[in-house]
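Input: a single structure, listed below in structure tokens.
The values are calculated or read from the model by the stated rules, or taken from the named source; none is laboratory data. As the structure is a computational prediction, the values presented were derived from the model and not from experiment. All Cβ positions, even for glycine, are placed from backbone atoms using ideal geometry, and neighbour counts span all protein chains on display.
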Amino acid sequence: MPRHKQLVGSARVVLASRQRKCYHAPKHSIAKGDICLEVRDGMNWKGYCRACAEEMLQIADTKISELRQQLSRLA
């Protein structure tokens, strides 16, 4: 049996190994040791601060809920 397609791409939660800026909002900084979300973009990983990551995950949750509702309505 083939594996299922993954809806969520490569993402991981890590401790920042250095000071850097959030990819979504460059005014947001990620201090060394802060928890951040990294999302793979081709060969690179883009880092997002905790606040922006929470918003991104909330949007993803909403989208998944909408898809579930559509599936149950059509079933």
Residue, surrounded by the fewest Cβ atoms within 10 Å (Cβ to Cβ), within region 3-57, restricted to residues that are out of contact with any Cys (no Cβ under 8 Å at 6 or more places or on another chain) and of a type in the set (Val, Ile, Thr): 8
Lone unmet requirement of (1) out of contact with any Ser or Thr (no Cβ under 6 Å at 6 or more places or on another chain); (2) at pLDDT below 95 for residue 30: (2)
Pairs, first more than 14 Å from residue 39 (Cα to Cα) and in contact (Cβ under 8 Å) with a residue 24 or more places away in the chain in region 1-28, second in a loop (DSSP other than H, G, I, E, B) and among the hydrophobic types (A, V, I, L, M, F, W, C), C-beta under 7 Å, six or more apart: 28/22; 28/49
